[in-house]
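Below is one structure, written out as structure tokens, with a few remarks after it.
The values are calculated or read from the model by the stated rules, or taken from the named source; none is laboratory data. Not measured: the values here are computed from a predicted model. Reconstructed Cβ throughout: ideal geometry from the backbone, glycine too, with neighbour counts over all protein chains shown.
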Amino acid sequence: MTTAAHPYDALMDITARPPAVFVRGEGSWLWDDAGKRYLDFVQGWAVNCLGHSPAIVAEALAAQSKRLLTPSPAFYNAPSLKLAKALVDRSCFDQVFFANSGAEANEGAIKLARKYGALHKNGAHEIITFAGGFHGRTLATMSASGKKAFEPLFEPKVPGFRKARLNDLTSVEGLITCKTVAVMLEPIQGEAGVWPATDRFLQALRALTRQHGLLLIVDEIQTGIGRTGKLFHYEHAGIEPDIMTLGKGIGGGVPLAALLASEPASCFEHGDQGGTFNGNPLMCAAGLAVLERVGSAEFLQSITEVGRYLESELQRLSTRHGLGEVRGRGLLLALDLKLPIGASIVAQAFEEGLLLNSPQPDALRFMPALNVTRDEIGAMVDGLDRVLKRSGTARLVA
């Protein structure tokens, strides 16, 4: 047995982390153990939809923790029933299975689709996914993802995932065979650099899957729960998928995810799916609090409005520094840097007390709290402007 030389050493080294240790959060702000304050436009990768430690979530957790933590998923509990009913009422789906992470929800969607194929499509099991897509870090969800960095890892992969090109319906059609059971995609590919599927493509994809009797699965782990100005992104296209997955924002900072399906697609039998903590009342109480706040028409409209403001400010910044396009929707946006300088910009911004994310070397991704203020957006833009000036970005791009 060895003794860790530093407190950091006790954690597995699975990602590069700056040395700061965060101890407190409130809204759009984080504080480290040295008392330094940071403006957070990452928010746990779109997890903290109401910012850090929102009172509505903290109060729901405190109240529920005094009543019941978990009776086991072998029994009903009131918060999970209420949250399931609320999600069904607000969506086009009929049934809900709760999970603990987006990857787990996506794993469940893959299993559900394969079960559907076994029951209704002569054992069809292949799922068409997309180059650039990201669905999680389990073996099956890594196999479903179209992330280049995953290709050499943990071989052999789970078979049965064929990759089409986003916004290219012909590429999807060319992959459909008698073994195909479903098409699965993110409405906006976040990890790839915030590349949206167009509304027209989603509509055509829905028509194509219906024509071939295939399930359409939307991975709304990042886009769901108001992130793009609708409660669920599929609403922008006016379509009704067969299966949807939710995660990140649904818990407002706690581990909660969901798999939703139409009645015909809900074909799990007893013993097919489960999980020790799935649908526990503590997390579902938090989810109810989040949905109550985010699901109001006024709140969703505010996301659209502040998203437009953030987009316009990023476009102004891009023009000033000779950068590229601003893409995305609502409060999931990216700024094209034109050069592979994202990691450097993120590191310099951190020293400024500004938390940003670079999902690809040539792009910055912005995922602030859904209740971020215009003043906070202004502070972020000013900080990023200073970093870009020091970096001489305009000269580099020119």
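Remarks
- Single unsatisfied condition, residue 328 versus (1) buried (at least 18 other Cβ atoms within 10 Å of the Cβ); (2) over 16 Å from residue 41 (Cα atoms); (3) touching a strand residue (DSSP E or B) at 6+ places or on another chain (Cβ under 7 Å): (2)
- All positions within region 201-239 that are in contact (Cβ under 8 Å) with a residue 24 or more places away in the chain and either among the basic types (Lys, Arg) or within 20 Å of residue 120 (Cα to Cα) (or both): 206, 208, 209, 212, 213, 214, 215, 216, 217, 227, 230
- Condition check for residue 206: under 24 Å from the mean Cα position of the chain (by Cα) and either small (Gly, Ala, Ser) or part of a helix (DSSP H, G or I) (or both): yes
- Meets criteria (assigned by TED's automatic domain parsing to the domain that holds residue 190 and closer than 24 Å to residue 221 by Cα) for residue 107: yes
- Lone qualifier among 226, 253 - being within 20 Å of residue 102 (Cβ to Cβ), in contact with a Cys (Cβ under 7 Å, 6 or more places away or on another chain) and either of a type in the set (A, V, I, L, M) or in the same structural domain as residue 100 (by TED's automatic domain parsing) (or both): 226
- Members of region 70-88 that are within 18 Å of residue 290 (Cα to Cα) and loosely packed, with under 13 Cβ neighbours inside 10 Å: 85
- Among the numbered conditions (1) over 21 Å from residue 246 (Cβ atoms); (2) outside any loop (DSSP other than H, G, I, E, B); (3) over 21 Å from the mean Cα position of the chain (by Cα), the only one that residue 39 does not meet is (3).
- Pairs with Cβ under 9 Å, 6+ apart, first in region 140-161 and loosely packed, with under 12 Cβ neighbours inside 10 Å and of a type in the set (A, V, I, L, M), second at pLDDT 95 or above and outside any loop (DSSP other than H, G, I, E, B): 153/142
- Check on residue 34, in a loop (DSSP other than H, G, I, E, B) and either out of contact with any Pro (no Cβ under 9 Å at 6 or more places or on another chain) or modelled with pLDDT under 95 (or both): yes
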